[in-house]
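Any read-out appearing in this document is the output of simple, stated calculations on the displayed coordinates, not a laboratory observation. Here the structure is a predicted model, which is why all the values come from computation and not from measurement. Cβ sites come from the backbone with ideal geometry, for glycine too, and all protein chains shown count toward neighbours.
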Amino acid sequence: MIDGIMKHDWTEPAAAAQHEAMPHDDPNHPHALLPPDPALRVKALETILTQKGLIDPAALDEIIDTYQNRIGPQNGARVVAKAWSDPEFKAALLADADPVLADLGYYGRQGEHMVVVENTPAQHNMVVCTLCSCYPWPLLGIPPGWYKSDAYRARAVREPRKVLADFGVSLPEDTAVRVWDSTAEVRYLVLPMQPEGTEGLSEEDLAALVTRDSMIGTGLAKAPGEAPA
Amino acid sequence: MSSCAEVSAPEPVFAEPWHAQVFALTVHLNEAGRFSWAEWVERFSATLKRHGLSRELDGGEDYFRAWLETLEVFLAEQGVASGAEAEQMRCRWEAAYLNTPHGEPVQIEY
C-alpha cells in the first residue's frame, strides 16, 4: 500500500528540494516523510552495524562534519600559495609530498600517498581516476560530480586537450599535456603556474587565486582581480 | 551573479544526506580495519564499470547508488549483514516512518 498517496518519489533531487520548502505543519503529511529507498537502506546497514558493535555512530558524525565543513579546496590552495612563496617548501613538496603535507596537518586517512605535479610552460598536468574517483581528499575535499562522471573519466585520458577546451582552458601548442591516473594508493595534486604579476602578494592573497579546478588541472589559477571561478 | 551569492551558496559537498551517510559509513569501516581502501576501490570500480556498460553515469545520484550497492554486497560477503537481514531492517525503518506522526522523531526499537 505504500505505493499509494503517501509515498513520495525521492529519486529526483527536485523532490528533495520540495521537501525542504514544505511547511512542517502540512496537514497532507500526517506521518513523517518517508526518505528515499537508498536512504532507508543506508539506515538499515547503520542500525545492523551499530547493533553488532562494529561502528560508532558518533564517529560517523565526525567524518561527515570533517568532509562537509572542515576540509575542502581551501586546504590545497594554502599549500599551493606556500609553494609559490617559498622555494624551499616547494622543492620539498615536489620531492616527497607526504612528510611536508603531514607537517601542515594534511594526511591521507586511507593511507594513500600524495604526489604533487608542477605545471610549467613545457608541461600541463591533469588528474583523473579512470577506476572510480580517487582524489586527494585531505587537500581538495570530496570531488565534484563531473570528476566522478563516466564522460570525464573516459575522455581525460583519450582527448585531454578537448576536455580542457570544454573547461575553457586553451594551452599553447608547444605545452605538453600529461594526464595522471589516480589509484587507491597514489593521489595527485597539480601545482598550477603562478599568475604573472603576483610576486610579493601574501600567501593569503595568493591562496584566493587558486581554484579547485586549477589543482585538478582542468583550470588555471586566476589572475588578481579576475571574477571568482 | 555577485561574488557574495557564490560565497554564501557554495556547491553542496553532498547533494543528499544519505550520500554523506553512506560515504561516512564506508570510511569508518575502512578506518576500523574491516577492509583496506584498495579492496574497496577494486570492488567499487567494478560496480561502476558494470553500471556504466548499460548507460553513461553522470557522477551524481548514480555514483552513490553504485557506492551503496558495493557496500551492501561487500558486507553480505563478509558475513556482517546479509541481504535478507538488511532488507528486513530497511522494512522496519520504512514502517517506522509511515507510523510516526509528523514532527515526532522516527525510531525503531532494538
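Averaged over B:30-37, how many beta carbons belonging to a partner chain fall within 10 Å of each residue's beta carbon? Walk me through the numbers on the way to the answer.
Details: counts 3, 5, 5, 0, 3, 0, 3, 8.
Mean shielding count: 3.
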Problem set entry | Spin-label model distance (nm) - B:Glu109 vs A:Asp174, 7 Å beyond Cα toward Cβ | 7.9 nm
Seminar exercise, completed: The cysteines in chain A that find no other cysteine Cβ closer than 4.7 Å to their own Cβ are A:Cys132
Problem set entry | Full-extension gain in nm, A:Asp98 to A:Asp205, via 0.36 nm per residue minus C-alpha separation | 36.0 nm
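Counting only other chains, what is the mean number of Cβ atoms within 10 angstrom of the Cβ of each residue in peptide B:56-68? Intermediate values should be presented prior to the final figure.
Details: counts 4, 5, 6, 12, 6, 6, 3, 7, 3, 4, 2, 5, 6.
Shielding by partners across B:56-68 averages 5.
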Exercise. With a sphere of radius 14 Å drawn around the Cβ of B:Glu77, what net charge do the other residues whose Cβ falls strictly inside it have (Lys, Arg +1; Asp, Glu -1)?
Worked result: -3
Problem set entry | Amide H within-cut-off set for A:Tyr188, under 5 Å, with H built and near neighbours excluded | A:Val115
Seminar exercise, completed: Which of A:Lys162/A:Lys222; A:Lys162/B:Lys49; A:Lys90/A:Lys222; A:Lys222/B:Lys49 exceed 25 Å between C-alpha atoms? The answer is A:Lys222/B:Lys49
Exercise. List the lysines whose alpha-carbon lies under 21 Å from that of A:Lys52, not counting same-chain residues fewer than 8 positions away?
Worked result: A:Lys43
For this session: Quick one: among B:Leu98, B:Leu57, B:Leu29, which has the greatest mean-square fluctuation in a GNM of chain B with alpha-carbon springs under 10 angstrom?
Result: B:Leu98
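Using 0.36 nm per residue, how much length does the chain from A:Gln51 to A:Asp86 gain when fully extended, once their Cα-Cα distance is taken away? Numbers along the way, then the final one.
Details: separation 35, 0.36 × 35 = 12.60 nm, distance 5.11 nm.
Additional length available on full extension: 7.5 nm.
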For this session: Show me A:76-84, B:78-86 ranked by packing, highest mean number of other Cβ atoms within 10 Å first.
Result: A:76-84, B:78-86
Problem set entry | Span from the region A:73-147 Cα centroid across to the region B:31-109 one, whole angstrom | 30 Å
Exercise. When chain A is treated as a GNM, springs tying every alpha-carbon pair under 10 Å, which of A:Pro30, A:Pro121, A:Pro138 comes out with the largest mean-square fluctuation?
Worked result: A:Pro30
Problem set entry | Number of partner chain Cβ atoms within 10 Å, mean per residue of A:120-133 | 2
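Which shape class, rounded, prolate or oblate, goes with region B:15-99 when its Cα gyration tensor gives a ≥ b ≥ c as root eigenvalues, a/c under 1.5 marks rounded, and past that a/b bigger than b/c marks prolate? List each step's numbers first, then the result.
Values: a/c = 1.64, a/b = 1.21, b/c = 1.36.
Here region B:15-99 falls in the oblate category.
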Exercise. Once phi is turned into ³J(HN,Hα) by the Karplus curve 6.51 cos²θ - 1.76 cosθ + 1.60 with θ = phi - 60°, what whole-Hz value does each residue of region B:50-65 show in order, with x for glycine and proline?
Worked result: 5, 5, x, 5, 8, 7, 7, 7, 9, x, x, 4, 5, 5, 6, 5
For this session: Provide the per-residue ³J(HN,Hα) series for region A:103-110, in order, calculated from phi with Karplus coefficients 6.51, -1.76, 1.60 and θ = phi - 60°, each as a whole number of Hz, with x at glycine and proline positions.
Result: 4, 8, x, 10, 9, x, 6, 9
Problem set entry | Nitroxide proxy distance, nm - points 7 Å out along Cα→Cβ at B:Ala38 and A:Glu118 | 3.0 nm
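Magnitude of the Cβ-charge dipole of the protein assembly as shown, K/R +1 and D/E -1, about the Cα centre, nearest 20 debye?
Details: 27 positive and 51 negative charges, 147 e Å.
The calculated dipole for the protein assembly as shown is roughly 700 debye.
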